[in-house]
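Read the structure below first, then the notes.
The values are calculated or read from the model by the stated rules, or taken from the named source; none is laboratory data. In this text, all values refer to a predicted model and were calculated from it rather than measured experimentally. We place every Cβ from the backbone using ideal geometry, glycine too, and count neighbours over all the protein chains shown.
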């Protein structure tokens, strides 16, 4: 963290109102003046963290923005890869054919290993089940992280991808405090609830998760 000492002339108070010390530092990253004795934030200097450009229409915003989609675990490459689009490019048929080949090979390079292929299938199935169960985004992110940990531990070998996806979703619901029963996930996935429960217990045991018990009062709304 980039921290440097700041002169006391620019501070609104000469002493910290918590401990009475008069030694302060300026954190340039968060624009906060902090007491070095107790850590109390004396004042906050607002900084504009937005872009340097302004947009007055949605078309201007689309043209001027220079960043991609946010980082997410719900995509196999975490949303950090590029995409070649050729539909809006005009030119000769040879040029369009070349761009089509580049786009195809770029898509193949995104999914090059067996782990990435497994994640591609599993996360797309996870999106489908989450939509069917009307699960919030944070639960989907949690389930994606759980499934990635299961792949890293090689727990998916010899088991159905869809079955492990359902178990990860159920575990994510328990972690996020969302009341969903095994029967609901079984109906949404088409898997037997005994298999879902078996995979769920496997994830909890092998990944060392601590899951709180569901209170009967939480099922009243259902």
Condition met for residue 177 (in contact with a helix residue (DSSP H, G or I) (Cβ under 9 Å, 6 or more places away or on another chain) and part of a loop (DSSP other than H, G, I, E, B)): yes
One residue from 68, 79 being surrounded by 13 or more Cβ atoms within 10 Å (Cβ to Cβ), at pLDDT below 70 and either within 21 Å of the chain's Cα centre (by Cα) or in the same structural domain as residue 145 (by TED's automatic domain parsing) (or both): 79
Any hit, region 113-134, residues being within 23 Å of the chain's Cα centre (by Cα), part of a loop (DSSP other than H, G, I, E, B) and either at pLDDT below 90 or crowded, with 17+ Cβ neighbours inside 10 Å (or both): yes
Extreme residue, nearest to the chain's Cα centre (by Cα), among residues of region 135-174 that are part of a loop (DSSP other than H, G, I, E, B) and closer than 20 Å to residue 214 by Cβ: 136
In region 180-195, the residues that are in contact (Cβ under 8 Å) with a residue 12 or more places away in the chain, surrounded by fewer than 22 Cβ atoms within 10 Å (Cβ to Cβ) and in a helix (DSSP H, G or I): 182, 184, 186, 188, 195
